[in-house]
Amino acid sequence: MSGLGAPLHVHLHDGHPLHPGLSDHRGFLTRMPVPFARSGRFSLEPLCGPSGLAGIVGEIRRAAGRTAATMTLEIHQGLDRLSVFHAADLFPHWRDLTNAERMNAWLAELARNADLVRAVLAEKAQDAAASRPRPLTSPPCVAAAAGRFPGHLGAHVHDSSHPTATKLVIVFGFATAAQLAAWEASTERAEWLERADQLSEGGQRTQTVENFAALFATPG
């Protein structure tokens, strides 16, 4: 189509054949939880992942050339939930927050994948002459430290800023409560909390949510 000079539009989604039900139309950051360890983690990467997305976007850019190309993230909503504690004042009359938390989880997943696509596009724009796509990397952080613990399913980072202060929320997912407790009692976590104390004001707050692991298994 691009060779004919026609506008090119592509739907982007990832998946894994082990996912129950619809195995595709999932995010590029969604891992598949499994009851065994692989590379130190109890979850499997999606078929494409961030590096595969970089290759797809690179091929779209190459094929489209000067032709207009657009992309849509086609990620279906799942049954996972994400707490709306940061916007609880919007739901004072709701007795059941299920739908709100499911929509919140879906929007968070879409936002994370949209940020990933934008990062890939920016990377490609900075290095259009690269012979092959480079996987996205990130510096060592508390999420990487948690990733070395059994049962770790992933992490979400949410920040909300206003003129006078910045609040940072980091959400960790673990397969079982016992594996989460092992991370919370670890020296590694204590060291990262000590570092955070040196860079923050007002102290820290921890909240545990049950049945939260699905956020990292299906489209946070």
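The values are calculated or read from the model by the stated rules, or taken from the named source; none is laboratory data. Keep in mind the model is a prediction, meaning the values are calculated, not measured. Here Cβ is always computed from backbone atoms with ideal geometry, including for glycine, and neighbour counts include all displayed protein chains.
Things to note:
- Residue selected from region 55-88 under the condition small (Gly, Ala, Ser) and in a loop (DSSP other than H, G, I, E, B), by the criterion nearest to Lys167 (Cα to Cα): Ser83
- When we screen Pro50, Pro35, Pro17 for residues that are in a loop (DSSP other than H, G, I, E, B) and either crowded, with 19+ Cβ neighbours inside 10 Å or not charged (D, E, K, R) (or both), the only hit is Pro17.
- Failed item in (1) at pLDDT below 80; (2) assigned to a loop (DSSP other than H, G, I, E, B); (3) not hydroxyl-bearing (Ser, Thr, Tyr), with Val169 passing the rest: (2)
- Residues in region 1-14 that are more than 10 Å from Leu47 (Cβ to Cβ) and either assigned to a strand (DSSP E or B) or at pLDDT below 80 (or both): Met1, Ser2, Gly3, Leu4, Gly5, Ala6, Pro7, Leu8, His9, Val10, His11, Leu12.
- Of the residues making up region 53-84, those that are in contact with a strand residue (DSSP E or B) (Cβ under 9 Å, 6 or more places away or on another chain), more than 19 Å from Glu123 (Cβ to Cβ) and surrounded by 13 or more Cβ atoms within 10 Å (Cβ to Cβ) are Thr67, Ile75, His76, Gly78, Leu82, Ser83.
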